Amino acid sequence: MIRRGAFARMEEKRRAMAIEFSRKDTMKWLKSQVQTFKTNLEDFARIYKKEIRKNPQFRIYFQKMCGNIGVDPLASNKGFWAELLGVGDFYYELAIQIIDLCLSKRDRNGGLVELGELKRNLEKIRGSGGQEISEDDIVRSIKTLKPLGGGFEVIQIGERKMVRSVPHEFSTDQAALLELAQTQSFVTKEMVIIEKGWSKERVDDAIENLLSQGLCWVDYQSETAEYWIPSFFDGLND
Amino acid sequence: MSAFDFPSIYNFPPFFTQQPNEATWQTQAQLWISIILSYCRFYKIHRLDLSDALTTELFYNKSINRRLKLETLQSIIKMMIKQGLAEWDPPNKKTSAFIYWKKPEEWATSISNWVSENGLNNSIVTLYEIAHGEASEGTEFHEIDQAVLLKALDVLVKKGEAQTLQATNAEEMGVKFFGTG
């Protein structure tokens, strides 16, 4: 019994050591692989520098490759990647334009704008000579704004991706109303009562909240008052 | 003449209802002001009769069947007056207003430039010639409202750059400009 116990302990120790060795090897191997990959990625970036800057689809792929090995070309504006690619400047410039646009429309839409609409407007101000941009670029730029604390964030409302430029979160009820308004760009109180089964007071409260934050406009000239969400109304930005 | 191109917000139904939220209303009114000014500039309108105007496309969007209310328009005009962009006419009634897509001071500058360019300084020009004459064709003040023209000339008179000479009716009234050139 004693011998068997000692043997078992020895065997256990041996196994653990083997695992430890193989783990060390694997780590070593992995490290060298990542290093190779990084070098390759750098070469790749050097060669395709122009393409990365110019072609938004290409940029998405490149960002994904970088993300896979934990390299963030945007992490530092002075970093190797930013210097090599100039992408830091690219996203910085884009971010400034996003802030400008969102702020100039905030009084009208309460600080909520659809991502696609924002992209169309960005393209307008960048002109035809500017670099092409994708929605992915916009989302990345907005992420770089987060540390500034202005509340810039991409949020999902139903099927739409929206950019919010005000620092407050939406309440569950507000979010529910926004989601309900998606198909027609508006809600009526009756609609909400039927769809959500809320009490009249709860509906009044939620709509009052949207109105006071400038997120919806009321139309009294229809049969029953309609509460319109300007950011859902197509093309409402010129 | 091509038609006036309304901005997209003109098709947004709530745009025709005065918004209860103060900040939203301020934005809404500013958007209306900019539409009114560009519309009047486009069609060279200098004076709006409010009830008449409310039945025109400017304040009545037939395609969505929405129209602005008189009280709302009056509030908008009041804001324009504060910004020097309109004036009640007559002053004590809130039924019609001059719309200054150019302020009287700006009209004064345009007119005095035109006078210099055409070598009309030190000669007498009638109001009719300024507003309807061949020489003013193609200028923005061609077909200008007489009352607005008088306000513009008044600016020049007060600056000592012109002198008005009375006649039996306003159109025959003459102006002498003392500019150089």
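Assorted remarks:
- Shielding score for B:61-74, defined as the mean number of other chain Cβ atoms within 10 Å: 1
- Debye intensity ratio I(q)/I(0), log10, the range A:86-238, q values 0.14, 0.15 Å⁻¹ (C-alpha model): -0.69, -0.77
- Estimated FRET transfer efficiency (residue B:60, residue B:137; beta-carbon r; R0 41 Å; 0.05): 0.80
- Here is the list for the range B:114-164: trypsin sites (Lys or Arg not before Pro) lying in DSSP coil, each with at most 13 other C-beta atoms within 10 angstrom of its C-beta, are B:159.
- Under 5 Å, built H, 5+ apart or other chain: amide partners of residue B:86: B:81, B:100
- Modelled FRET efficiency - R0 51 Å, residue A:49 with residue B:75, Cβ distances, 0.05 increments: 0.35
- Scanning chain B for long hydrophobic helices, with DSSP H runs required to stretch 24 angstrom or more by C-alpha along their axis and to average at least 0.0 on the Kyte-Doolittle scale, returns B:22-43.
- The percentage of C-alpha pairs in the protein assembly as shown whose separation is greater than 32 Å is 60%.
- Just so you know, the Cα atoms of chain B work out to an Rg and Dmax of 18.6, 56 Å.
- Computed from backbone phi, the HN-Hα couplings of the range A:140-146 come to 4, 4, 5, 4, 5, 7, 3 Hz, rounded to whole numbers (Karplus: 6.51 cos²θ - 1.76 cosθ + 1.60, θ = phi - 60°; Gly and Pro given as x).
- Once the C-beta distance of residue A:199 and residue A:155 is scaled by a Förster radius of 35 Å, the resulting FRET efficiency is 0.85 to the nearest 0.05.
- Solvent-accessible area lost in complex, 20 Å² minimum, residues of the range A:107-128 relative to chain alone, 1.4 Å: A:107, A:108
- Taking a Cβ cut-off of under 13 Å around residue A:188, the surrounding Lys, Arg, Asp and Glu residues balance to a net charge of -3, with basic ones at +1 and acidic ones at -1.
- Contour minus Cα-Cα distance for residue A:128 and residue A:224 (0.36 nm per residue): 30.2 nm
- Rounded to the nearest 10 square angstrom, residue B:31 shows an accessible area of 30 square angstrom against a 1.4 Å probe.
- Occluded residues from the range A:208-233, i.e. those whose accessible area drops by 30 Å² or more once the chain is not alone (1.4 Å probe): A:211, A:217, A:218, A:219, A:220, A:221, A:228, A:233
- On association of chains B and A, roughly 1700 Å² of accessible area becomes buried (total for both chains; probe 1.4 Å).
- P(r) weight above 15 Å for the range B:104-177, C-alpha pairs, percent: 47
- Taking all protein chains as shown and a probe of 1.4 angstrom, residue A:204 keeps an accessible surface of around 50 Å².
- Accessible area per residue for the range A:170-238, computed on protein heavy atoms with a 1.4 Å probe, is 47 Å².
- Stretching residue A:172 away from residue A:208 to a fully extended chain increases their span by 11.5 nm, per 0.36 nm per residue minus the current alpha-carbon distance.
- Simple spin-label estimate for residue B:157 and residue A:35 gives 9.2 nm between the two label positions (7 Å along the Cα-to-Cβ direction from each Cα).
- Accessible surface of the protein assembly as shown, 1.4 Å probe: 52 percent of it comes from carbon and sulfur atoms.
- When the alpha-carbon atoms of the range B:8-99 are used, the pair Rg, Dmax equals 12.4, 35 angstrom.
- Summarised as an ellipsoid, the range A:2-70 has semi-axes of 48, 11, 4 Å, derived from the eigenvalues of the Cα gyration tensor scaled by 5 and square-rooted, with the largest first.
- Computed over protein heavy atoms with a 1.4 Å probe, the accessible surface of the range B:57-181 works out to 52 Å² per residue.
- Selection from B:155, B:132, B:111 lying farthest towards where the dipole of the range B:105-181 points positive, charges on Cβ: B:155
- Translational diffusion coefficient (Stokes-Einstein; Kirkwood radius from C-alpha pairs) of the range B:112-154 at 20 °C, 1.002 mPa s, in µm²/s: 203
- Residue-by-residue Karplus 3J(HN,Hα) for the range B:48-55, coefficients 6.51, -1.76, 1.60, Hz, glycine and proline x: 10, 8, 4, 5, 5, 4, 5, 8
- For the range A:170-238, the equivalent ellipsoid derived from the alpha-carbon gyration tensor has semi-axes of 18, 13, 11 Å in decreasing order.
- If the chain linking residue A:148 and residue A:179 were pulled fully straight, counting 0.36 nm for each residue of separation and taking away their Cα-Cα distance, it would gain 8.4 nm.
The values are calculated or read from the model by the stated rules, or taken from the named source; none is laboratory data. If you're wondering where the values come from, they're calculated on a predicted model, not measured in any experiment. Neighbour counts are summed over all protein chains in view; Cβ atoms, including those assigned to glycine, are modelled from backbone coordinates with ideal geometry. To get the accessible areas, we keep the full protein, side chains included, count just its heavy atoms, and leave off ligands, DNA and RNA. Shrake-Rupley method; radii C 1.70, N 1.55, O 1.52, S 1.80 Å.
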